[in-house]
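Written below as structure tokens is the structure these notes are about.
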Amino acid sequence: MDTKSRSTLEQYARAYNIMLTTDMQQVLQCANDIEVVLGDFPRQELSSLPNLRWFQQFGTGVEWLQDYPELVHKPFLLTNCSDGHFDVVADHLMALVLGVLRGIPTAVRNQQQANWQQTSLTECDSLFQIRGKIVLIVGLGSVGIAIAARLKAFGAHVIGIRRDPTKASDNVDEVYPLDKLNEVAKVANIVVSCLPRTTQTYHLFNEHFFACMKKPAFFFNIGRGSAVNEDDLADALTTGTLYGAGIDVCSQEPLEKDSPLWALDNLLITPHIGGTYDQVIETWRDVALDNLQLYTTEQPLRNQVTKASGY
């Protein structure tokens, strides 16, 4: 733990009993006295804390609630770190987009073989620019909005899908509700999914959706893998329905070794590292400690999650 974090906890230790431990036996011995949990706490043990009032989780995803539905109706507040690393996730998405549109995976394979294979003018329709493309961002949370800012700077026309389409977003030219997804796909060259894992988002991106997209069509997923039918994605990339794609997430992680996705030259895969960077732990700690200060002064917490939204 860094000096700043330790100093902050020592400040609160004067007024509160604070336990710093990874020993679950020690935690469970004090279960009845625990009011607040900060950190990477085992989700299955939350139900063992009868007087829990607030859980500050590290990371962003709350799909774990689907595995522990009894916790949805427990009275504790849930907060995540969704505003702690949206910039780096947006940066990673841009790396995927630029990599695919500019043929970087092919260039890397050629480099490994010492093969200088320059794209000729007659083959230049295999490389694309972002400027002038219509991009559909599905999910305009903090990550989606950060992605919109980057794409807008590259000259894209940005369309968004969000639960409340009346809520305007900077750098988003048009906003539609989720039930317009397939209709809006007909005008989009590039689609970016920032969707969480819920029952409503399961396999939204499928054969029909990919067929709706405007050509040249590219698909990227920085949200959760369950939103994509991966067999349909593989077929769309194989048949040319999609020109290319990039994913940082899969429905099952690690991606199975026999998955057809591995063999696709027009797909760029990264192993769920979109939110990982050199200071991620420090960022999560800062969010947690900022929220602790708000909690102890009875102010609204950052990044509050409606637990039912995990479904």
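The values are calculated or read from the model by the stated rules, or taken from the named source; none is laboratory data. Not measured: the values here are computed from a predicted model. Because the Cβ atoms are built from the backbone with ideal geometry, glycine has one as well, and the counts that use them run over all protein chains shown. Ligands, DNA and RNA are stripped out before the accessible areas are found, and what is left, the full protein with its side chains, is counted by its heavy atoms. Shrake-Rupley method; radii C 1.70, N 1.55, O 1.52, S 1.80 Å.
See the values below:
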item: Distance in nm between pseudo-label sites at residue 296 and residue 25 (7 Å out along the Cβ direction from Cα); result: 3.1
item: Counted charge near residue 309, where neighbours are those whose Cβ lies closer than 14 Å (Asp, Glu -1; Lys, Arg +1); result: +3
item: Förster radius 35 Å - calculated FRET efficiency between residue 64 and residue 129 (Cβ-Cβ, nearest 0.05); result: 0.35
item: The chain: relative contact order as a whole-number percent, Cα under 8 Å and 6+ apart; result: 18
item: Prolate/oblate/rounded call for the stretch 155-244, Cα gyration tensor, a/c under 1.5 rounded; result: oblate
item: Karplus-derived HN-Hα couplings along the stretch 58-68 (A = 6.51, B = -1.76, C = 1.60, θ = phi - 60°), whole Hz, x at Gly and Pro; result: 7, x, 10, x, 10, 5, 4, 4, 5, 7, 10
item: Rounded percent of accessible protein surface that carbon and sulfur make up, the chain, 1.4 Å probe; result: 50
item: The stretch 132-287: proportion of alpha-carbon pairs further apart than 24 angstrom, %; result: 32
item: Antiparallel %, DSSP beta bridges [both residues in the stretch 153-249], to 5; result: 0
item: Per residue accessible area in Å² of the chain, where ligands, DNA and RNA are left out and the probe is 1.4 Å; result: 53
item: Total lysine pairs whose alpha carbons fall under 27 Å of each other in the chain (8 or more apart, or interchain); result: 21
item: Percent RCO, i.e. relative contact order, over the stretch 166-311, from Cα pairs under 8 Å lying at least 6 residues apart; result: 19
item: Cα gyration tensor, the stretch 74-128 - rounded (a/c under 1.5), prolate or oblate; result: prolate
